[in-house]
Amino acid sequence: MLKIAVSGKAAAAVAEYVPTLIADKVASRVAAKDFTLWGKDAESESSIRLGWVTSSVDSAALVEPILELRDAFAAQGVNRFVLCGMGGSSLAPEVITRTAGVELVVLDSTDPDQINDALSGDLARTAIVVSSKSGSTVETDSQKRIFEQAFAEAGIPVAERVVIVTDPGSPMEAAATADGYRIFNADPTVGGRYSALTAFGLVPSGLAGADIARLLADAHEAGELLSLDSAENPALILGAVLARTASATGFRDKVGIIVDGAPIVGFGDWAEQLIAESTGKIGRGVLPVVLEPGSPEVSAAADDLVLARLVADATVATGDEIVISGSLGEQFLLWEYATVIASRLIGINPFDQPDVESAKIAARAMLNERAAIAAPAFVDGQVEVRAHNLDLAGVTTVKGAVEALIAQLDIDSYFSVQAYLDRTSVPQAYDLRDAFASRTGRPTTFGWAPRFLHSTGQYHKGGPRQGVYLQLVSKGEADLAVPGREFTFGELIASQAAGDASVLGALSRPVLTLTLGDVTADLAALLAAIA
């Protein structure tokens, strides 16, 4: 059962704004799929994006065929599953399987080393799940191609090892039908970041061994509570806190998400995409910051940051925070409801992502034109240093460049670390998040790239112009060709980094790009430099 408690300025936001939400019957109207809740301009999109409200019921018919396929794979000795997908297609299955304690290899990268890591597993017992609403996502298409090639070279019938999750009528469905692949159709009325309880969340998770029937049942039970126009509705409470917790100059526009005793693993990464991509547009939004209980931001109490804790039993909140307890299925639906409610209070459409495509276009242009990456401003040891909207005149060291970037922060800013690296081999890169948060005193986000482009990437371009960005890129000695394409994985990820930097630069945001020669050594030196 969902439980929620609030205190301080978070409680004041609930007291002031929930009565209006109740009077406007917002919760029951969301439950009824009323697409007029977010204004006239949003109606064309919202009218076709509310299927998630009933996903817990609509997806029940998927459970049996997923479990039957899992049993069929097991009978063949296939029990290792690799998920090829980006954004909403990968983040929900990752938190579901990690929470369940079952193995799923999530391949949401174009880093050649990470691709090789996934390929190096035992192919004889491996099947892949390729998840994409349309199939046009370049990362997912490239991942699919490299595994198809690997299966074929190993003498494994490709059609027996590829499972497709896509929207009905999509180009991917047509291609998969022609190839003889197994296909699971997702609900086309559910956007990617709201798709946790659709085929996108259920197929890879169920094949890996998670209890997907229980997940749906928990969400269904929560749906009854979340649809009530009541002061006790957790979605109204959380939505008000996200959008309307007061700061000294207005409303807090950042939320720190902390799993603090709840039996859920990795929830913040899923919620990060949901909130950032839904709310970060037309210069507005709520920036989610994924934290640990001991992260510097927790004790720093920045005036523009409200804390949301997932706990084992939400009975008491302290400070300006909200605490929540509930199962994973309940939490999925709660945060989806709360995000669209917060979006109504902020005055934005929670279902579009108008700025995501800009970085994709820039990356594609660099690939198609084989545009050269700009020459570095300077080289320090093995590290190449490049910058956009950042004056490095007279700077000759990585430490000096980082100090110049930090100097761009102000009282409203956030610091963003973007690691275009193999997260399976250099997880210590994540240590930079706390290091920069401690050094700068500002909320600090960390994104493994290129997956964050499908998550916080929307907020970076469409939200408030507050970000200060550090890109970490590997020179990479090893590379892999993308079968059937005229580019390699190394060229693709380099283009994605350079493309995103150019888009952020065009928005007058400071971007520092460090291209690392020896990733392990250079990361250690960077940590030492900012300590």
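Please treat every number below as a calculation from the coordinates, not as lab data. None of the values given here were measured: they were computed from a predicted structure. Cβ atoms come from the backbone with ideal geometry, glycine included; neighbour counts cover every protein chain shown.
About the centre of its Cα atoms, region 356-530 shows a dipole size close to 440 debye [charges on the beta carbon of Lys, Arg (+1) and Asp, Glu (-1) only; nearest 20 debye].
For the chain, a simple Cβ point-charge model (Lys and Arg +1, Asp and Glu -1, everything else neutral) yields a dipole of about 680 debye relative to the Cα centre. Sorted fewest first by neighbouring Cβ atoms within 10 angstrom, SER44, SER278 come out as SER44, SER278. When only alpha carbons are used to place a centre, region 405-422 and region 1-16 end up 30 Å from one another.
The antiparallel fraction among DSSP beta bridges confined to the chain stands at about 25%. Between region 21-47 and region 129-146, what is the separation of their alpha carbon centroids in Å? With region 21-47 and region 129-146 each reduced to a Cα centre, they are spaced 33 Å. Restricting region 446-531 to GluC sites (Glu not before Pro) that sit in a DSSP loop and have at most 14 other Cβ atoms within 10 Å of their own Cβ leaves GLU477, GLU486. Bridging of LYS254 to lysines at a Cα separation below 21 Å is possible for LYS9, LYS281, LYS461, once same-chain residues fewer than 8 apart are set aside. Take the Cα of ALA175, step 7 Å toward its Cβ, do the same at ASP122, and the gap between the two points is 3.1 nm. Label zone of ALA312 (point 7 Å out along Cα→Cβ, amide N under 19 Å): in region 81-101 this covers 99-101. The length gained on full extension between THR520 and GLU369, counted as 0.36 nm times the residue separation minus their Cα-Cα distance, comes to 51.2 nm.
Excluding same-chain neighbours fewer than eight residues apart, the lysines reachable from LYS144 by a Cα-Cα span under 28 Å are LYS133, LYS360, LYS475. On the basis of the beta-carbon distance and an R0 of 25 Å, THR424 and ASP260 show a calculated FRET efficiency of 0.45. Stretching the chain fully between GLU232 and SER44 yields a gain of 64.5 nm (0.36 nm per residue, less the alpha carbon separation).
Maximal additional length on extending the VAL379-ASN185 stretch stands at 64.9 nm, based on 0.36 nm per residue less the C-alpha distance. Centre-to-centre, using Cα atoms only, region 160-204 and region 54-113 are separated by 12 Å. In terms of surrounding Cβ atoms within a 10 Å radius of their Cβ, HIS388, HIS454, HIS460 rank from fewest to most as HIS388, HIS454, HIS460. Taking a point 7 angstrom from the Cα of ALA152 along the C-beta vector, which residues in region 444-487 have backbone N less than 14 Å away? Answer for this model: 482-485.
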